[in-house]
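I have placed the structure first, in the form of structure tokens, so that the comments after it can refer back to it.
The values are calculated or read from the model by the stated rules, or taken from the named source; none is laboratory data. All values derive from a computational prediction rather than experimental measurement. Glycine gets a Cβ as well: all are built from the backbone with ideal geometry, and neighbour counts include every protein chain shown. For accessibility, only protein heavy atoms count, side chains too; no ligands or nucleic acids. Shrake-Rupley method; radii C 1.70, N 1.55, O 1.52, S 1.80 Å.
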There are 2 protein chains.
Amino acid sequence: MTDINETHDPKLRSWVESANSEHADFPIQNLPFGRFRRANSDDPLRIGVAIGDQVLDLKAAGLVDHADMNLLMAATPAERHALRKAISAGLAEGSGKQVVWARALTAQSAVTMAVPCQIGDYTDFYVGIHHATTVGKLFRPDNPLMPNYKWVPIGYHGRASSIGVSGQRFRRPMGQLKGEAAAPVLGPTQRLDYELELGFFAGTGNALGESIPIGQAEQHLFGVCLFNDWSARDIQAWEYQPLGPFLAKNFASTVSPWIVTMEALAPFRAAPFERPAGDPQPLPYLDSAANRESGALDINLEVWLQTAKMRAAGEGAVRLTRGNARQAAYWTPAQLITHHTVNGCNLQPGDLLGSGTLSGPESDQAGSLLELTLGGKQPITLPNGERHAFLQDGDTLTMRGWCERAGAARIGLGEVSGTVLPNASPL
Amino acid sequence: MTDINETHDPKLRSWVESANSEHADFPIQNLPFGRFRRANSDDPLRIGVAIGDQVLDLKAAGLVDHADMNLLMAATPAERHALRKAISAGLAEGSGKQVVWARALTAQSAVTMAVPCQIGDYTDFYVGIHHATTVGKLFRPDNPLMPNYKWVPIGYHGRASSIGVSGQRFRRPMGQLKGEAAAPVLGPTQRLDYELELGFFAGTGNALGESIPIGQAEQHLFGVCLFNDWSARDIQAWEYQPLGPFLAKNFASTVSPWIVTMEALAPFRAAPFERPAGDPQPLPYLDSAANRESGALDINLEVWLQTAKMRAAGEGAVRLTRGNARQAAYWTPAQLITHHTVNGCNLQPGDLLGSGTLSGPESDQAGSLLELTLGGKQPITLPNGERHAFLQDGDTLTMRGWCERAGAARIGLGEVSGTVLPNASPL
């Protein structure tokens, strides 16, 4: 019997040659799940696993007998491990499956990806303490971090229906804008922003009324994606009190197409953000030895921008930010799961938990333009001379994420990309 | 061809005799939709229409060929009208359908009701201006109504997964409680409350990126239910800044089982709450002549409480509150639909919009205990001598709603009931 740890062996190679590059996002040690159909077709969605530059169709490979990602996500950890081991064994160099499974492969360039599962409920958290502090200063100069921040993993419910997959194009949203004038006006947002986040997908859920102890929390986590929580800062500033952001966020949110499983991320677990001296320790229900030791995720993150002018000139995107999730997050995914359910709230397979904006401690590690430009006061200058305070029509924003360390295969999260259209343009 | 207005004729009578009482919630002029199965069975859910004390099985009556309420809700207004007219004609006294449809009836006492549709996203609004003012004073004495309140129909996203149907029983939720001490503690809420709301179900949705003009908003409204937005005030006070309520609300919310359609409510439309002199008028996108004339709903509301002690003594529930939705709501359902989609956010059939707590201007019209007891400072005394500041274990809270006026048949919304269990009890 293969051990689950053997699926991480950096020496493992696949008969899918493109998976063996040391720069590949999707080597055989990764095996992320997504939903796809043939490009430009109306075919029903199928469950696939990314391997190099290919997609393995799990049903065609005989590994599942359905196309329901949420059902797959509801599997027990043991079932998930067994599936991972079967996929790994079949894709490994020398596997007897090669002849049959080669027919279950499609080039990623020939498929269209969808949101990877049916997202029932979506919750957004606020674990980025550097983000919370910097943004808090802009909205509330005298009171940047609320007294609850270091006790409560702050979260709120978001909109599931408007979550799209990488490649999403959306119109600049309209909303009530309240400047210095006495009355607000309706108009397109002038302060459109991105937020660099990770998305955590729930696997097996909990029954309504039951909570998930922190020691079991990770068994309910299926995997991770990149997540862009587009935000309209002017709409947000006017609407958010007292019940939180609403139209400032729910016009679009974008996920990367591949869910990288917790099993694939096992080699990249790390001790969480070290709480500064004087900070309270987590309450007992949010604390465990395992969480203190390796509750965090060591994931590198980058944000890239290509403006319409750059695209027209054939210029590639420029990097705005680089950072690391572990250095940004005050709370771990396990703490989020446990806090979310401590009152009996039920998670269901496929539910999405956003991390909140993952800004690092340095100013060039900011996960939003609000931070990078100090609320728009200090626009950034791009290499072609364009100045950006907030996102402009035609901008394409791309986030990338990956894990690497000596002695382990690189695990990529792929990318999440989205484009801002003028308010009146067709979609 | 029957006119849709004829389905409201107060002289219409049904061959289902119990529907003809002048006190019936569900006369032939109502015809609300719900999902049911035989009591204590695992049968698949079926779509039913309440008529008197019976349920008409729409599929057994040959009126639909499926059991998918969301599909029915996605119908065009013309299709909905045609269905209403067919049901009305078939249930009317003297109908030739009587012999066949009598076999499609089941007593309501012999069925179990479910949440009436699959709720994709749930949004809670805050249209009760008396509630917002009174509660605002408790949380922010110097600043009860935020400057945005009279411009923006304030709303936020809630949790869909924990919405249950009337009869829901839930454990008193745990959460972080922060009293006067320096550190919060985890414990069962000590300030459990109800909120008297209406729930508005979306019918046909809108495409992501498209907004719904106010003149078309009501075509996207399917119907109305009663809604109890249970709230843990101590958890809420500690967690809600800056992103809004979360665990204080998402442990349970309860809907009444019958969706009373906008068609049934047509005789009870009224001019909205009259804005006091000095209040701004709605921005143009939230304004229309039709909305000013008849955008509101004239629905009477009541809240009843039965404690465990009362139940043990065989004593019925006591009324805590009575009021009217029209007098409580600063914004109309059409304004909520239009505001929700002005940024392109997509509504889908079955989405639920809560009104927010519908408290009247008088203190005995308060839609929550927070208001009735002034934040718990003035407990209410029940007829049996019990004193209640907030909800106690074993309390059953029931809300009722109905419309009546001279020259129209009474239209009932039925009731929504829920019971608080001790924190450690089995569900």
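Residue check: is A:Val127 more than 10 Å from chain B (Cβ to nearest Cβ) and under 19 Å from the mean Cα position of the chain (by Cα)?
Details: more than 10 Å from chain B (Cβ to nearest Cβ): yes; under 19 Å from the mean Cα position of the chain (by Cα): yes.
The answer is yes for A:Val127.
How about region B:226-242: which of its residues are at the interface with another protein chain (Cβ under 8 Å from one of its Cβ atoms) and not in a helix (DSSP H, G or I)?
In the first step, residues of region B:226-242 are kept if they are at the interface with another protein chain (Cβ under 8 Å from one of its Cβ atoms); the result is B:232, B:235, B:238-242.
Once the filter is applied, which keeps residues that are at the interface with another protein chain (Cβ under 8 Å from one of its Cβ atoms) and not in a helix (DSSP H, G or I), region B:226-242 yields B:Ala232, B:Tyr240, B:Gln241, B:Pro242.
Among (1) on the phi > 0 side of the Ramachandran plot; (2) at pLDDT below 95, where does A:Gly167 come up short?
Just one mismatch for A:Gly167, condition (2).
Give region A:43-96 a look and list any residue that's charged (D, E, K, R), surrounded by fewer than 18 Cβ atoms within 10 Å (Cβ to Cβ) and not in a helix (DSSP H, G or I), or say none.
Answer for region A:43-96, where residues must be charged (D, E, K, R), surrounded by fewer than 18 Cβ atoms within 10 Å (Cβ to Cβ) and not in a helix (DSSP H, G or I): A:Asp43, A:Asp53, A:Lys59, A:Asp65, A:Asp68, A:Glu93.
Restricting attention to region A:304-326, does a residue exist that is in contact (Cβ under 8 Å) with a residue 60 or more places away in the chain, within 29 Å of A:Arg37 (Cα to Cα), among the small types (Gly, Ala, Ser) and touching a strand residue (DSSP E or B) at 6+ places or on another chain (Cβ under 6 Å)?
Among the residues of region A:304-326, at least one is in contact (Cβ under 8 Å) with a residue 60 or more places away in the chain, within 29 Å of A:Arg37 (Cα to Cα), among the small types (Gly, Ala, Ser) and touching a strand residue (DSSP E or B) at 6+ places or on another chain (Cβ under 6 Å), which makes the answer yes.
Output the number of the condition that B:Ser161 fails; it satisfies all remaining conditions of (1) open to solvent by 10 Å² or more (accessible area, probe 1.4 Å); (2) assigned to a strand (DSSP E or B).
In the conditions (1) open to solvent by 10 Å² or more (accessible area, probe 1.4 Å); (2) assigned to a strand (DSSP E or B), B:Ser161 misses (2) alone.
Looking only at region A:385-401, count every residue that is among the charged types (D, E, K, R) and touching a Pro at 6+ places or on another chain (Cβ under 8 Å) and tell me the total.
2
Which one of the conditions (1) more than 8 Å from chain B (Cβ to nearest Cβ); (2) out of contact with any Asp or Glu (no Cβ under 9 Å at 6 or more places or on another chain); (3) not hydrophobic (A, V, I, L, M, F, W, C); (4) not in a loop (DSSP other than H, G, I, E, B) does A:Tyr149 fail to meet, given that it meets all the rest?
If we test A:Tyr149 against (1) more than 8 Å from chain B (Cβ to nearest Cβ); (2) out of contact with any Asp or Glu (no Cβ under 9 Å at 6 or more places or on another chain); (3) not hydrophobic (A, V, I, L, M, F, W, C); (4) not in a loop (DSSP other than H, G, I, E, B), just (4) comes out false.
For A:Ser425, all conditions in the list (1) touching a Lys or Arg at 6+ places or on another chain (Cβ under 8 Å); (2) modelled with pLDDT of 95 or more; (3) open to solvent by less than 30 Å² (accessible area, probe 1.4 Å) hold save one; what is the number of the exception?
All conditions pass for A:Ser425, except number (2).
Could you list, in sequence order, all residues of region B:21-40 that are in a loop (DSSP other than H, G, I, E, B) and open to solvent by 20 Å² or more (accessible area, probe 1.4 Å)?
The answer is B:Ser21, B:Glu22, B:His23, B:Asp25, B:Ala39, B:Asn40.
If only one of B:Ala61, B:Ala75, B:Ala86, B:Ala82 is touching a Lys or Arg at 6+ places or on another chain (Cβ under 8 Å) and more than 10 Å from chain A (Cβ to nearest Cβ), which one is it?
Answer to the selection: B:Ala61.
Results for (1) closer than 28 Å to B:Phe201 by Cα; (2) in contact with a His (Cβ under 8 Å, 6 or more places away or on another chain); (3) not aromatic (Phe, Trp, Tyr), shown as yes or no for each residue.
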position: B:Pro333; (1), (2), (3): yes, no, yes
position: B:Leu336; (1), (2), (3): yes, no, yes
position: B:Asn346; (1), (2), (3): yes, no, yes
position: B:Leu358; (1), (2), (3): yes, yes, yes
position: B:Leu374; (1), (2), (3): no, no, yes
position: B:Arg387; (1), (2), (3): no, no, yes
position: B:Glu404; (1), (2), (3): yes, no, yes
position: B:Ala424; (1), (2), (3): no, no, yes
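Does any residue of region A:167-190 turn out to be more than 13 Å from chain B (Cβ to nearest Cβ), within 29 Å of A:Val111 (Cα to Cα) and either open to solvent by less than 10 Å² (accessible area, probe 1.4 Å) or in a loop (DSSP other than H, G, I, E, B) (or both)?
There is at least one residue in region A:167-190 that is more than 13 Å from chain B (Cβ to nearest Cβ), within 29 Å of A:Val111 (Cα to Cα) and either open to solvent by less than 10 Å² (accessible area, probe 1.4 Å) or in a loop (DSSP other than H, G, I, E, B) (or both).
Can you tell me which of A:Thr396, A:Thr381 is in the same structural domain as A:Thr307 (by TED's automatic domain parsing) and surrounded by fewer than 17 Cβ atoms within 10 Å (Cβ to Cβ)?
A:Thr381
Going through A:Gly199, A:Gly215, A:Gly223, A:Gly203 one at a time, which residue ends up being touching a residue at least 60 places away in the same chain (Cβ under 8 Å), surrounded by fewer than 21 Cβ atoms within 10 Å (Cβ to Cβ) and either away from chain B (no Cβ under 14 Å) or among the acidic types (Asp, Glu) (or both)?
The unique qualifying residue is A:Gly215.
Mind checking which strands (runs of 3 or more DSSP E) fall wholly inside region B:253-344 and carry at least 2 residues that are open to solvent by less than 50 Å² (accessible area, probe 1.4 Å) and away from chain A (no Cβ under 14 Å)?
Filter on region B:253-344 gives B:300-306, B:318-324.
(1) within 10 Å of chain B (Cβ to nearest Cβ); (2) outside any loop (DSSP other than H, G, I, E, B); (3) under 30 Å from A:Phe36 (Cβ atoms): which one isn't true of A:Ser109, the others all being true?
The single condition A:Ser109 does not satisfy is (1).
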